[in-house]
Every structure is written in C-alpha cells, then in structure tokens.
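Have a look at the structure below before the remarks.
A short reminder: the numbers here are calculations on the coordinates, not readings from a lab. None of these values were measured; they are calculated from a predicted model. Cβ: placed from backbone, ideal geometry, glycine included. Neighbour counts: every protein chain shown.
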Amino acid sequence: MRVILLRSGSSGDSNPLLDALEAELRLAKVATISLFPAEMDSSVPIPRADVAVLKDKTPAGLEWGRRLHEAGIPTVSPYPVTVLCRDKLRTNQVLAQAGLPVPECRPVTGPEDLLPMLVDGPVILKPRRGSRGRGIQVIHDSTDVPASWGAEEMFAQRYYEPETLDRKIYRIGEDVFCVERVWPPVTLEEKRGRLIELDATTRELAMECGRVLGTDVYGVDVIEHEGRPWVVDLSSFPGFKGVPEAGARIAKVVLRVAAEARKDDTPPESAPDNGTLCPVP
C-alpha cells in the first residue's frame, strides 16, 4: 500500500501532525510519499498510490488534489469537500440549506453592503478564503466599518456573543473531541487548549456537519449563544491541536479509505500494476 502526503510549505518544513501520521503509517508497513506542491510543477506525473492525504490547501495543493481526484485516487479529506471548505461563505450556505444552525451570512463587496445588516446587530467581517482567524473583524456599528478591503472577497456573518471560550470540535472517523481555548491563542499551551466533555446535542450537531458535507475528518467551530449552539466555521483538515494521538487516529481513517478503494476491482488509471509513474493531463 502506498499513501501520498500532500504537504504545504517546502521540503525542509516540519509538520508535527503529518510527521506523526507518517510514522504511524510506516509502523503499519505502508509506503509514504511526501509531495510539496509549492516546489513542484503541476505537470509532474502522479506517483502510483492507493490514497492521498490532502493537507495542503493552497492553490498549488488544490491543483494536485484535483489531479489525484480525477485520476481516481481517493483523498482524505475528499477533494470536493476540501474545495468547498476553502470558500467559507459557500460552506456556511450549504450547512444552512441543510437546516443546521448557522448565523446569517451574506457576500459583501464594500461598506454599503454592511450597513443594512448592522440594523439588526453586529456582524463579523471575514475573508471567504481565510484561515487561522486572519482578517476577521467584528463590526458593531458604522464607525467600525473599514473604508475598503481591497480585492479580497469578503462576507459578513451575523455576530452572536459567545457565552464560553472558543470551542473547536474535531472529528476523526467516529471519534469526536472538543478543545476549549482562548482567542486569539498566543502560547503553545493556549493553542493546544484543554479537552472538555461535549454534550450529546452539540456532538450530534458536529457529526451532522460531516454527514452533510460527506467527510469524517474535519474541524468545526461551535459557539453557544443564549443556550443555543451555532456553527460558525468549518475546516476540511485542521491541525487537530489538543487531540490525543491525532496522527494515529487519522492513520486509521487513511487505511480504511485505502481498503475501501481496493474493494473496487478496477484499478485507478494513475496506478498501473507495473509501479511506474503515470502522467495525468
């Protein structure tokens, strides 16, 4: 069995989560191939593999994800889910259309789009393709509205004041964990947060997000406001900080996905039996 790890950054960079995942896979006698899309041309042939881990969500990483998907190689998380989740607005819309509790969201191109929303209370201005809290701003009234935000696509989400600390809910297969942390975290200890017990209602809400999107490896941010949970963000492959043995747990999912793919008697066109590299247009 062979597993591709699509890593962000350069070949000299280390990622504790992927390093732990790779170590677990090697313990299971699985061959791993680390690819760094930032350093590679998209015309490079795809290595033969049974499954790929799509951690790099940069444009270069998503291009490799597309090629793997079209070649019939399954990815964790699934490529279509990863693409969807790169658009925060669209992800929220999909979850809301499925009936999940998501604050109102609207695309905004300038201050004139924000002002009508402020009539009903504060909003959060967010980049549609943001990550790690970058570029987020709470807008309470017209004095908080920025004059412009350049060419970046933004959206506004109704802001509900959280009644607890920041809560990250992580799902890996059937395992669900809730990590509570301060925001924004500064120290490594703050980034890891602390595990807390998750109530049945919120756990089911987090699980339903995965069922709607079609994945079982993801992270979802849930706040509580006036006693009600609200889904405010979702990531297709977060860092899983604070989750015990996250690498080993993800390895189990990867092995399961590979086994399920092998049940199909038709080998992926990019994985010929002779083990050679197969170019994909």
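Annotations
- Helix axis angle, 59-70 relative to the chain longest principal axis, alpha carbon, degrees: 50 degrees
- Residue 194-residue 137 FRET efficiency (beta carbon distance; Förster radius 25 Å; 0.05 resolution): 0.35
- Angle in degrees between helix 16-27 and the longest Cα principal axis of the chain, rounded to the nearest 10: 30 degrees
- Ranked by how many other Cβ atoms sit within 10 Å of their own Cβ, fewest first, the residues 256, 181, 228 fall in the order 228, 256, 181.
- For the chain, size of Cβ-based charge dipole, Lys and Arg +1, Asp and Glu -1, in debye: 660 debye
- The distance between label points at residue 259 and residue 225 comes to 4.3 nm (points 7 Å beyond Cα on the Cα→Cβ vector).
- Checked against a 26 Å cut-off, the cross-linked pairs 168/263; 57/168; 57/263; 29/168; 55/241 give Cα-Cα distances beyond that limit for 168/263; 57/263; 29/168.
- Taking all Cα pairs closer than 8 Å and separated by 6 or more residues, the relative contact order of the chain comes to 23 percent.
- Label-reachable residues, segment 25-50, where backbone N falls under 15 Å from a point 7 Å from residue 8's Cα toward its Cβ: 36-39
- When exposed loop sites are taken as GluC sites (Glu not before Pro) in a DSSP loop with at most 14 other Cβ atoms within 10 Å, the longest stretch of the chain clear of them is 1-103.
- MRE, 222 nm, helices only [DSSP H, n ≥ 4, -39500 (n - 2.57), over the chain, to nearest 500]: -9000 deg cm²/dmol
- Amide H contacts under 5 Å for residue 108, placed H, 5+ residues apart: 154, 155, 156
- Proximity of backbone amide H atoms, modeled 1.01 Å from N, is registered between residue 237 and 219 at under 5 Å, excluding neighbours fewer than 5 places apart on the same chain.
- Between 0 and 90 degrees, the angle of helix 246-262 with respect to the longest Cα principal axis of the chain falls at about 60 degrees.
- Remark: segment 4-13, residue by residue, has Karplus-estimated 3J(HN,Hα) of 8, 10, 8, 9, 7, x, 10, 5, x, 7 Hz, where x stands for each Gly or Pro and the curve is 6.51 cos²θ - 1.76 cosθ + 1.60 at θ = phi - 60°.
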